[in-house]
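Structure first, commentary second.
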Amino acid sequence: QKEVEQDPGPLSVPEGAIVSLNCTYSNSAFQYFMWYRQYSRKGPELLMYTYSSGNKEDGRFTAQVDKSSKYISLFIRDSQPSDSATYLCAMSGTGANSKLTFGKGITLSVRP
Amino acid sequence: NAGVTQTPKFRVLKTGQSMTLLCAQDMNHEYMYWYRQDPGMGLRLIHYSVGEGTTAKGEVPDGYNVSRLKKQNFLLGLESAAPSQTSVYFCASRAPRAGLAYEQYFGPGTRLTVT
């Protein structure tokens with residue numbers, strides 16, 4: 001079993017839709033949960049992060065972490081064509097030398 | 001600040017050739033990483049460095065070597081390229097604060113094709 005599993009996609013939605021992206025994980029040591037966004041032919045950039053369980057909101061984006069279920073989600077409200085990108089979940093522990101473990105990424109396309 | 005830069009952006013190699021990918025960062029970060037990204041495989045860590053003069057193996061190190069002679073530079077070498085090394089290579093860096101592995105800053109990538 002991979003440490004981090006992410007729905008493979010691709011996902012296509014109409015503009016204005018609510019998008020839900022999800023990842024599951026198996027390593028209980030993970031404490032930091034991140035979402036990176038990667039536009040075509042670009043490097044990933046950090047979109048949001050959450051420490052431990054709970055929700056975090058930033059504009060149209062909401063990140064949720066349920067550590068009891070080992071499940072994280074990213075919700076995008078009122079999706080826009082500019083949200084079309086690949087979204088990667090990533091996780092890490094808390095040590096100074098902690099490394100990121102990434103999901104495989106899901107490609108989202110928002111149709112005008 | 002330029003952030004993280006990678007050289008070259010594209011390269012085509014023949015099987016058996018060698019090459020070096022250069023990563024440079026101007027954020028005074030201690031930690032640097034090399035990843036490869038393949039369709040359906042996500043980002044996989046090749047090698048990393050926690051400081052000048054130190055390197056360590058990641059998840060998929062075979063066929064690659066690295067060096068960190070200067071804090072701002074991290075080099076990835078392919079001694080004898082193989083078609084399986086066709087991929088997009090990303091470099092990343094971060095500051096060494098505990099619990100903040102998420103603050104990795106990525107370069108724009110190098111697209112390598114081995115024929």
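The values are calculated or read from the model by the stated rules, or taken from the named source; none is laboratory data. Predicted model, so just to flag it, every value in this text is computed and none were measured. Cβ sites come from the backbone with ideal geometry, for glycine too, and all protein chains shown count toward neighbours.
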Could you go through the range A:50-64 and let me know if any residue there is crowded, with 18+ Cβ neighbours inside 10 Å, within 14 Å of chain B (Cβ to nearest Cβ) and modelled with pLDDT under 95. yes
Out of (1) touching a residue at least 40 places away in the same chain (Cβ under 8 Å); (2) in a loop (DSSP other than H, G, I, E, B); (3) among the aliphatic types (A, V, I, L, M); (4) surrounded by fewer than 20 Cβ atoms within 10 Å (Cβ to Cβ), the one B:Val12 does not meet is (2)
Return yes when B:Arg44 is buried (at least 19 other Cβ atoms within 10 Å of the Cβ) and within 12 Å of chain A (Cβ to nearest Cβ) and no when it is not. no
Expected single match for at pLDDT 95 or above and loosely packed, with under 15 Cβ neighbours inside 10 Å among A:Ser12, A:Ser28 is A:Ser12
Those strands (runs of 3 or more DSSP E) completely within the range A:24-71 that have 1 or more residues that are in contact with a Ser or Thr (Cβ under 9 Å, 6 or more places away or on another chain) and of a type in the set (D, E, K, R) are A:32-38, A:54-58, A:61-66
Taking the range A:31-48 and the residues there that are within 18 Å of A:Asp66 (Cα to Cα) and at the interface with chain B (Cβ under 8 Å from one of its Cβ atoms), the one that is modelled with the highest pLDDT would be A:Met34
Conditions (1) modelled with pLDDT of 95 or more; (2) under 20 Å from A:Met91 (Cα atoms); (3) of a type in the set (A, V, I, L, M); (4) not in a strand (DSSP E or B) -> B:Ala98 fails only (1)
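Condition check ((1) among the aromatic types (Phe, Trp, Tyr); (2) closer than 28 Å to B:Gly3 by Cα) across all residues:
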| site | (1), (2) |
| --- | --- |
| A:Ser26 | no, no |
| A:Tyr36 | yes, yes |
| A:Arg60 | no, yes |
| A:Ser68 | no, no |
| A:Ser82 | no, yes |
| A:Tyr87 | yes, yes |
| A:Arg111 | no, no |
ask   = Taking the stated definitions as given, is A:Ala17 among the small types (Gly, Ala, Ser) and over 26 Å from B:Ala92 (Cβ atoms)?
value = yes
Of (1) under 23 Å from B:Thr113 (Cβ atoms); (2) hydrophobic (A, V, I, L, M, F, W, C); (3) crowded, with 20+ Cβ neighbours inside 10 Å; (4) more than 9 Å from chain A (Cβ to nearest Cβ), B:Cys91 satisfies every one except (4)
Would you check if B:Thr54 is over 30 Å from A:Glu5 (Cα atoms), free of Cβ contacts under 8 Å to residues at least 60 places away in the same chain and outside any loop (DSSP other than H, G, I, E, B)? no
Here the residues within the range A:65-112 that are among the aromatic types (Phe, Trp, Tyr) and either within 14 Å of chain B (Cβ to nearest Cβ) or free of Cβ contacts under 8 Å to residues at least 12 places away in the same chain (or both) are A:Tyr87, A:Phe102
If we ask which residues in the range A:72-85 are surrounded by 15 or more Cβ atoms within 10 Å (Cβ to Cβ) and outside any loop (DSSP other than H, G, I, E, B), their number turns out to be 7
Contact list, first residue from the range A:3-31 and in contact (Cβ under 8 Å) with a residue 24 or more places away in the chain and closer than 12 Å to A:Ser73 by Cα, second anywhere and in a loop (DSSP other than H, G, I, E, B) and among the acidic types (Asp, Glu), beta-carbon distance below 9 Å, six or more apart or interchain, is A:Leu21/A:Asp7; A:Asn22/A:Asp7; A:Cys23/A:Asp7; A:Tyr25/A:Glu3
When (1) farther than 20 Å from B:Gly3 by Cα; (2) outside any loop (DSSP other than H, G, I, E, B); (3) within 14 Å of another protein chain (Cβ to nearest Cβ) are applied to B:Glu59, the one that fails is (2)
